[in-house]
Structures are given as structure tokens and as C-alpha cells.
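The next block holds one structure in the form of C-alpha cells; read it before the comments.
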Amino acid sequence: MESKDTMNLPFFIGLRYTRAKRKNHFISFISLISMAGIALGVMTVIVVISVMNGFNKEFQSRMLSTVSHATISAFTGEQLTDWEGALVQAKKHPRVIGAAPYVRSEAMLQGFRTEGALVQGIVPEHETSVTDFQEAMRMGVLDDLQAGEFNIILGVDLAAHLGVTPGDKVVMYVPEFRTTAVGVTPRLKRFTVTGIFEVGMYEYDFKMALVHMSDFQKLLRMEGGAVEGVRLKMDDLMQAREIAQEVGAGLSGFLRIRDWTSQHVNFFKATRTERMVMFIILSMIVAVAAFNILSTLVMLVTEKQSDVAVLRTLGLSGKNIMAIFMISGTLIGLVGTLLGLVAGVVVSLNISSIMNTLESWFNTEFLSKEVYYITEINADLQSNDVVMIVGIAFAMSVLSTLYPAWRASRVQPAEALRHE
């Protein structure tokens, strides 16, 4: 049975090999490069993943400010007739904090120019309970949409493209046709622009318009006050799927219940895939640094063959010799990982101020408002990401020590000392 001193000996020798100034300065240089490479890799992965999380969080926040957490609708091609009953029933659920009916259709809007848009018919008093359109208003208020007045609120970019401002008129053409004495003509109606909103996303600011639901029902000839569906807002959007299923279970009839994750499934799949691919690519930086540890230890084993031979003759086992070089390489990886962790966390938490400083130094704007809708870089540092990144980096460092340490344990004392 090995004594406690014998068990501690590999640790002290490995620590000495890591700290000692070696005769071969090239090996010391490679060790520092390996340590710096791991630190740089860990820092880069943490910062990039945190920034991607921040972008996704900001994008999701903006998107969900104008999109409901869940919708109740009839099946494709059908209209929801008893929407009042569905709305009342949905509100009975303790975790539903808002519900609003809606009608939606594509239309052509004509001002000084013509542009297609997604027109949404809403009831303002209900709409404020499920979306944040009121907070997005730049001109006018949501309550300007009054039944029978045929008013319209446009996205900021759509209004600019049409060349209209509040008080101007736009003509709306809907994909419904009527037969007249002069032939088949599209159904159209003149609306008055009463407001402009800005969400900060292209598909809303350039492609969406809001009108009162009753006005839109008349234009679309929807009979019996039918609507397309009812939108819901829950107290916890991350549990919207479960809550929506509970709400659907309490409704009668053949209704379609969809939550925000299924409505935008392609976007979230794309962001998850992009995040995973970026993580794998950036992890290659850590892998390269880990290979540097391997090459460092291989050269260290060659340099220390005589030391290994002496230790073996003094009775140190091959297992302990292997532990010496594993500890030496692991310490390089551990220090590099910890340095990268600290640097990554510090940079992530101060990324906004760092970017502002760089923009002032270089007198440029990295995220121009004319090109990007999200113009600020914010990081969302998540502990589970940090733990995973640090764990993978440290595991790579440990794995890179196995082969050189095994080679050291196979050194034969007689062969190693023959050339001394």
C-alpha cells in the first residue's frame, strides 16, 4: 500500500515541472502559448455565445411585444363564430391575463406609392391586454381606431414608403372581388391614417397595418361578426404551451390552439442550429490549444527522460510517473481555463461599453440604424452555458495529457540513462 507521501509526490513534482524555468526555453514558450490559447478560446466562446443569447433575447422580446403568447382559431379556411364565448372561457383560466379577437388578411395599400401589407383588424380596448402596440406608437394612440370611422395605423417604414403621415388618406384593396356593370373589380376602401408605430422589426414596421376589427369585417364581408381567432397572453410566456393546452381542454368545439413557439418554429429552430454550429466552430480554438498542451508534454517528456529514469530507479511506479505529467498538463489547462472564464465574464458583462468605446476610437458605427433593427450589442450571460464551456475546455486539457503521460510511464531507466 502506497504511503501518503508517495501519493502526494506526483503532485509536487508535476507542480514543479509546471513552474520551473526549463533548459529548453522553447518548451516554456509553447506552454505559455497553450495556456493563452485556452484562455482566449474560453473567453471567445463565452463572449460570442452570450452575445448571441442577448440578440435572441432582444429579438424575442420585440417579437413577443406584438405577438400573442397563444391563439385560439378555427381550422384552416374556417372562421371563429362564437369568439365571445371562447374569449370568456379563456379568461377564466387563472394564468391567462389577457385575450383579444382579431381578423387578419393581406391587402394592397395605396398612398403616393403602392405596397402590400398584412392588415390586422383589432379591438383597441382588448388589444392592449395582449400586445404592446400602444407602447410602440410614435404618432397617435391605439384608441384612434374607432368602429365606423375607417381609420388606419401604419408601421413607420410602411408609412414612409407610402409617403403618408397622420391625416393623409390611403386606399386599401383586399383580395375580394365584386361584379359591377364595368366588370369584376377588387373591393377597396379609403382609410384615414391616424397613427404610426415602430416595433423595430422589418416584418412589422414595413409590412403591418392596424384597423378596427368591425371596419375590416365589413370590408371582408365576414358574416355574423365572425373573426379569425382569439389571441391570449399568459403570465409566463415560457409555459405558454402548457397553459394553452389547458385552455384548449376547457373549450368546446373543434378549435386550433397554437402557442408562440409553434407559430415561429422555423425562427427558433434556425437560432438553435446557428448557436450550436457557432459553439462547435469556436470550440476548435480550445481544441487547438489543447493540442499545444499535448506537444508541450511530449517535448517535456523527452527533456525529462533522465529524471523519469531516476524516479523509476527510486521505486516510483509507472502510474505515479503518468500522474506527474498529467498534473503538469492539467495545471496548464486549468490556469488557462480560469483566465478565460474571468476574461469572458468581464467582457460579456461590459460588452456594451466596450463596443461604445471602440466606436468612438474608430469613429464608426458597427450596427448602423440604416441597416440593422437591433443597434446595440447586449450579452445575456447564462450560467449553464458558462459551466458547459468551462467543463469542455478543462476536459480537452485533461485528455490531451493522456498520451504524453503514458509515454513517460513507458520510459525504461536503463535506456534513458545510457546516453547520460
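Read-outs: derived from the displayed coordinates by stated rules, not from any lab. None of these values were measured; they are calculated from a predicted model. Cβ: placed from backbone, ideal geometry, glycine included. Neighbour counts: every protein chain shown.
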Point to revise | Neighbourhood net charge (10 Å Cβ-Cβ; Lys/Arg +1, Asp/Glu -1) for Lys189 | key: +2
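Count the lysine pairs in region 68-260 that are 8 or more places apart or on different chains: how many have C-alpha atoms under 19 angstrom apart? Write down the numbers at each step before the final one.
Working: Lys91/Lys233; Lys92/Lys233; Lys169/Lys189; Lys169/Lys207; Lys169/Lys218; Lys189/Lys207; Lys189/Lys218.
The result is 7.
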**Study point:** Per-residue Cβ neighbour rank within 10 angstrom, fewest leading, Phe150, Phe197, Phe75
**Key:** Phe75, Phe150, Phe197
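Using the 10 angstrom Cβ neighbour count as an exposure proxy, how do Asp259, Asp157 rank, fewest first? If you can, show how the numbers build up before the last one.
Numbers: Asp259 21, Asp157 18.
Neighbour counts put them in this order, fewest first: Asp157, Asp259.
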**Study point:** FRET efficiency, Arg104 to Asn350 (Cβ-Cβ, R0 45 Å, nearest 0.05)
**Key:** 0.60
Exercise for review: Starting at the first residue of region 149-161, write each ³J(HN,Hα) from the Karplus equation 6.51 cos²θ - 1.76 cosθ + 1.60 with θ = phi - 60°, in whole Hz, x for Gly and Pro.
Suggested key: 8, 6, 9, 9, 10, 10, x, 4, 6, 5, 4, 5, 5
**Study point:** region 68-260 pair-distance distribution - Cα-Cα, 10 Å bins, rounded %
**Key:** 9, 35, 34, 18, 4, 0
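Using the count of nearby Cβ atoms within 10 Å as a rough guide to exposure, how do Phe362, Phe191, Phe216 rank from fewest to most?
On the way: Phe362 9, Phe191 23, Phe216 26.
Listed from fewest to most nearby Cβ atoms, that is Phe362, Phe191, Phe216.
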Review point. Using a simple spin-label model with points 7 Å from Cα along the Cα→Cβ vector, what separation in nm is obtained for Leu338 and Ser129?
Key: 5.6
Exercise for review: With r as the distance between the Cβ atoms of Ser306 and Ala395 and R0 = 41 Å, compute the FRET efficiency 1/(1 + (r/R0)^6) and round to 0.05.
Suggested key: 0.80
**Study point:** Two-site label geometry, Gln239 and Leu251: point separation in nm, points 7 Å out along Cα→Cβ
**Key:** 2.0
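What does the C-alpha gyration tensor say about the overall shape of region 101-140? Classify as rounded when a/c is under 1.5, otherwise prolate if a/b is larger than b/c, or oblate. Write out the running numbers ahead of the final one.
Details: a/c = 3.27, a/b = 1.57, b/c = 2.09.
In terms of gyration-tensor shape, oblate.
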